[in-house]
Amino acid sequence: MAHSMNITLKVWRQAGPDAQGGFETYSVPDANEHMSFLELLDVLNEQLIKEGKEPVEFDHDCREGICGSCGVVIDGVAHGPQQRTACCQLHMRHYKDGDTIVIEPWRAEGFPIIKDLVVDRQAFDRIIAAGGYVSVNTGAAQDANSIPIPKDDADLAMDYATCIGCGACVAACPNASASLFTAAKIAQLSLLPQGAPERTMRVTNMVDQMAKEGFGDCSNHAECEAVCPKGISISAIATMRREYMKAMRG
Amino acid sequence: MSTVLDPKIPAGPLKEKWDNYKNTIKLVNPANKRKHTVLVVGTGLAGGSAAASLAELGYNVKSFCIQDSPRRAHSIAAQGGINAAKNYPNDGDTIWRLFYDTIKGGDYRSREANVYRLAQVSNNIIDQCVAQGVPFAREYGGLLDNRSFGGAQVSRTFYAKGQTGQQLLLGAYQAMSRQIGAGNIEMFSRREMLDLVVVDGKARGIITRNLVTGEYERHVGDAVLLCTGGYGNVYYLSTNAKNSNVTAAWRCHKRGAYFANPCYTQIHPTCIPVSGDYQSKLTLMSESLRNDGRVWVPKKQGDTRRPQDIPEEDRDYYLERKYPSFGNLVPRDVASRNAKMATDEGRGVGETGLAVYLDFKDSINRLGRDTIEARYGNLFEMYERITGENPYEVPMRIFPAVHYTMGGLWVDYELQSTVPGLFVLGEANFSDHGANRLGASALMQGLADGYFVIPYTLGNYIANQSLPDVSTDADAFGEAESAADARIQKLLSVNGNKTVMEFHRELGRIIWDQVGMSRTAGGLRQAIDQVSALKEEFWQNVCVPGEPTTYNKNLEFAGRVADFLELGELMARDALSREESCGGHFREEYQTPEGEALRNDDEFTHVSAWEHTASGHVLHKENLDFENVQLTTRSYK
């Protein structure tokens, strides 16, 4: 049978965007190794509700690592200790009985806190709206096979396109830069013939928007790549810079 | 009074219906489109593609989603692929074949004209997505790659690794983002639709709640598009995302939209089993695994030996034994039902006894580990991440889980519900999959509805209506908002002893046991009583802490569970009234001597559409006329 574990959680609680936040300590006596990390938080919340207290707010949805809703800093690491794993797919078997775990929200100027562990990531939507698309109206497309794309380019574009927009890259970056997020979309589209006519405008507008949102610039720490649950390479950022330089020179 | 519904199918031969329709509809003048506001609720494949397309056409679009970003809708989790009748592999595919496979796969309980249109526009979808930059898998020549999927003998499935839904959704999201940037779509994230506002018999607005501040908002429009997905979370455990819910659809139902075939639910055979009471959701493993995995359980009840210690002669490869010609590749409904039978007999495996083995040992011996890794590496990795077991060494444990709901709000050929001006797209409607959906068809339908159907049918509606200005001060808005607020206040004031999750789990258990893979009249009657009692208890004993004016997820869930409780009862009623077995709906009383589903075409070749009235639900029917295909019995022996 599954081993029961007693886990202590130190969780960031903050009533609202402007409220003073702080850590609260809770004990979850009946955690077990098969639980996911978010299921541990579910158990904690059931406990709190039964005690007449307010549950801890955290964003979550698909719980299979693809929607990008969840994301907390666990013991100082965005999404926790397991590489290439969003925290919804982190399981308690990686912890042991008696462990203490510290949980915090993403912290960045571009991601204001809404409540407890929930942050506002709409800045990411505005970065995409600034140019992260191909301008083609519905119905205006030619036959799909009339645009052959070398397999290597298509595969690499797919690697960049797997970004789930969770924001871990921002949370991990000492500059709170959104470079990996922004660059992943720019790099994906730079590899494809579709949308090539607007690539100059795309990179300029998206990079400008990123700055406007209060995200910092990249200084090559590569913390973003280390925590990215999809393992997106920082080579995307090099591509973004090259695209940007080309755009600047006209 | 029970009535017969008219689906408004256009005249002419099947292959010409959609063209005839497009040739004869009224159009909205380009300069007039911006005077019309369209409210699009939900931003998955259906809602995202609809919002983008309508904004491109010039309509003034307002778009709503419950997540923090439109990019997170649950379409994103679809793995396998999207079907289209492109026939790029030259293996004999045609629009007719895609149509026929879909009708047959749905066990002859869907509407011919809709399914044919779906097959017709499938090719446009692939063109559109490629033009948007969706990175589909390609061959070395640079052209698109295809693979095969269940229920078809051709390779017509386009895919982007195991993340096809993600890439298609991001394509639609980016098309939306372009329109948001251009000011043609106003986006409202973290908003939940709590009611539909009907003025002079037409859908003219919605009430939303801002999930961050708790404020109610009134939105006026000339039409409402409901693209809010399926209701699989009524079972509590499903492969759906945690926030997927029926609330918006159920509110519309209570305002006059009929709910069709709620008992048609799809239970997917290959999911990672439940491991304990704390389990919050289930994870699907692609059905492609059944190409190389062999399903088995021990022959003896209660055999607790490790799988590797159970010799061949003590194993029962029950699918291969019972279905020698299809073996492990029987359709989803058949595979799921047989897994249930094996565990019901006490031959299930794992700690809970609610699982069967999916064993790759023979394939690894035959093909080598490298080949298996190339085919399924990412799935094996995901399995190991969740279970902590290495499927190269020990067989996977799998069990069926709720995955998709074919039922939904009734719509006619134009995707219009029984409330004029309320259109329903994607999984939220009932229209295209009959009693069982084939793999890689959900993505196709969502995008077909949004990109290629609604731009025409919505225009025809608007051009034919007189839509006088409506103010948010109208009585209907005030009444709907008060009702929504009264519910929220009531949920907060009960102050009982049971959590929302406890009620939801209990509801899920009842529905899973009685309205799941196998149903009986007795069990369904019992479920109706149990759910009704649970509903009563909910409103007297639920505990929802916190404030209505801050972010409060538990309060959101409470409202959704309240609606699931009502839906659960209707599902059982629908299942009870359908005295036949078809697709995902298996009634034990109606089976062949071999234990297979037995349809009753004489009495049940119809859609059951339920009207909500003050005195209960009233059943209406739409007769399904098959003019082009012959109804046959599906056999996989």
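The values are calculated or read from the model by the stated rules, or taken from the named source; none is laboratory data. Keep in mind it's a predicted model, so treat the numbers as computed, not measured. Here the Cβ is made from the backbone with ideal geometry for all residues, glycine too, and neighbour counts use every protein chain on show. Note: accessible area is taken over every heavy atom of the protein model, side chains too, but ligands, DNA and RNA are not part of it. Shrake-Rupley method; radii C 1.70, N 1.55, O 1.52, S 1.80 Å.
Descriptive notes on the structure:
- Burial of accessible area (probe 1.4 Å, heavy atoms of protein chains only) in region B:123-139, relative to its chain alone, reaches at least 30 Å² for B:Asp127, B:Gln128, B:Val130, B:Ala131, B:Gln132, B:Gly133, B:Pro135, B:Arg138.
- The simple spin-label model puts a point 7 Å past each Cα toward its Cβ; for A:Met201 and A:Lys96 those points are separated by 5.9 nm.
- Ranked by how many other beta carbons lie within 10 Å on average, peptides B:444-453, B:598-607, A:124-133, A:199-208 from highest: B:444-453, A:124-133, A:199-208, B:598-607
- Label-to-label distance for B:Asn365 and B:Thr613 is 6.5 nm, based on points extended 7 Å past Cα in the beta-carbon direction.
- Extreme residue, positive dipole direction of region B:58-178, given options B:Ile95, B:Ala172, B:Gly133 (C-beta unit charges): B:Ala172
- Inverse mean reciprocal Cα-Cα distance (Kirkwood Rh) of chain A, Å: 19.6
- 13 Å beta-carbon shell around B:Asn114, net charge (K/R +1, D/E -1): -2
- Chain B - percent relative contact order, Cα under 8 Å, separation 6 or more: 20
- Among the residues of B:170-180, the average count of other protein chain beta-carbon atoms within 10 Å of the residue beta-carbon is 6.
- Think of a 1.4 Å ball rolled over the protein heavy atoms: region B:269-403 then has 41 Å² of accessible area per residue.
- Protection-proxy order for peptides B:291-299, B:274-282, each taking the mean of Cβ atoms within 10 Å per residue, highest first: B:291-299, B:274-282
- Counting protein heavy atoms only, region B:478-637 has 43 percent of its accessible area on carbon and sulfur, 1.4 angstrom probe.
- All Cα-Cα separations within region A:145-215 were binned at 10 Å from zero, giving a P(r) of 19, 45, 28, 7, 1, each value a whole percent of the pairs.
- The magnitude of the dipole of region B:1-70, with charges of +1 and -1 set on the Cβ of Lys/Arg and Asp/Glu and taken from the Cα centre, is near 280 debye.
- Note on the protein assembly as shown: with charges restricted to the Cβ of Lys and Arg (+1) and Asp and Glu (-1), its dipole about the Cα centre is near 1460 debye.
- Residue list for region A:154-175, given a label point 7 angstrom along the Cα-to-Cβ vector of A:Arg242 and an amide N cut-off under 14 Å: A:156-157
- Of all beta bridges that DSSP places with both ends in the protein assembly as shown, some 70 percent have antiparallel geometry.
- Fraction of the pair-distance distribution of region A:4-114 above 19 Å, Cα-Cα pairs, percent: 43
- Contact with the other protein chains removes 30 Å² or more of accessible area, compared with the isolated chain and a 1.4 Å probe, from these residues of region B:30-75: B:Glu56, B:Asp68, B:Arg71, B:Arg72.
- For the peptides B:378-385, A:116-123, the ranking by packing is A:116-123, B:378-385, with the highest mean count of neighbouring Cβ atoms within 10 Å listed first.
- Once the Cα gyration tensor of the protein assembly as shown is diagonalised, semi-axes √(5λ) in Å: 35, 34, 31
- Percent accessible area from carbon and sulfur atoms, chain A, protein chains only, probe 1.4 Å: 50
- A loss of 40 Å² or more of accessible area (1.4 Å probe, protein heavy atoms, ligands and nucleic acids excluded) relative to the isolated chain is seen in these residues of region A:188-207: A:Gln194.
- Sequence-distant contacts, meaning Cα pairs under 8 Å at least 6 residues apart, place the relative contact order of region A:4-114 at 33 percent.
- Inter-centroid distance (Cα atoms) of region B:289-325 relative to region B:72-122, Å: 33
- J(HN,Hα) series, region B:228-241, from Karplus relation 6.51 cos²θ - 1.76 cosθ + 1.60, nearest Hz, glycine and proline x: 10, x, x, 10, x, 6, 4, 7, 6, 8, 7, 7, 5, 5
- Vicinal HN-Hα couplings computed from phi for region A:242-248 (Karplus, 6.51 cos²θ - 1.76 cosθ + 1.60; Hz; Gly/Pro x): 5, 4, 5, 4, 4, 5, 5
- Built amide H within the under 5 Å cut-off of B:Val419, gap 5+: B:Tyr258
- Globularity ratio of chain B, using Cα Rg and 2.2 N^0.38 Å: 0.93
- Whole-Å distance, taken between Cα centres, linking region A:40-106 and region B:381-413: 22
- Couplings for region B:421-428, taken from phi via the Karplus curve 6.51 cos²θ - 1.76 cosθ + 1.60 with θ = phi - 60°, read x, 9, 9, 10, 10, x, 4, 5 Hz in order; Gly and Pro are left as x.
- Spherically averaged projected area in nm², based on the convex hull that wraps the Cα atoms of region B:315-387: 5.9
- Note on region A:4-114: antiparallel DSSP beta bridges, both residues inside, total approximately 80 percent of the bridges counted.
- Rounded to the nearest 100, the interface formed by chains B and A buries 6400 square angstrom of accessible surface, both chains summed, with a 1.4 Å probe.
- About its Cα centre, region A:4-114 has a charge dipole of approximately 240 debye under the convention of +1 per Lys or Arg Cβ and -1 per Asp or Glu Cβ, with nothing else charged.
- Rg followed by Dmax, in Å, when region A:122-249 is reduced to its Cα trace: 14.5, 45
- As a fraction of the 1.4 Å probe accessible area of region B:269-403, surface on carbon and sulfur atoms comes out at 47 percent.
- Amide hydrogen neighbours beyond the local backbone of B:Ala440, cut-off 5 Å, H modeled: B:Gly81
- The H on the amide N of B:Val199, modeled in the peptide plane, is under 5 Å from the matching H of B:Arg204, each at least 5 residues off or on a different chain.
- Projecting the Cα atoms of B:His504, B:Leu565, B:Tyr551 onto the charge dipole of region B:475-619 (Cβ charges, centred on the Cα centre) puts B:Tyr551 farthest toward the positive pole.
- The Cα atoms of region B:5-118 cover 43, 38, 34 Å along the three principal axes, with the biggest extent listed first.
- Based on protein heavy atoms only, chain A ends up with 39 Å² per residue of surface accessible to a 1.4 Å probe.
- Tilt relative to chain B, helix B:553-577 - C-alpha long axis, 0 to 90 degrees, to 10: 70
- Measuring against 21 Å, Cα to Cα, the residue pairs A:Lys50/B:Lys254; A:Lys53/B:Lys490; B:Lys8/B:Lys35; B:Lys299/B:Lys361; B:Lys22/B:Lys104 contain A:Lys50/B:Lys254; B:Lys8/B:Lys35; B:Lys22/B:Lys104 as the ones spanning a longer distance.
- Taking every protein chain into account, the accessible area of region B:4-65 amounts to 42 square angstrom per residue (probe 1.4 Å).
- Modelled spin-label separation between A:His3 and B:Gln153, with each label point placed 7 Å from Cα along the Cα-to-Cβ direction: 5.4 nm.
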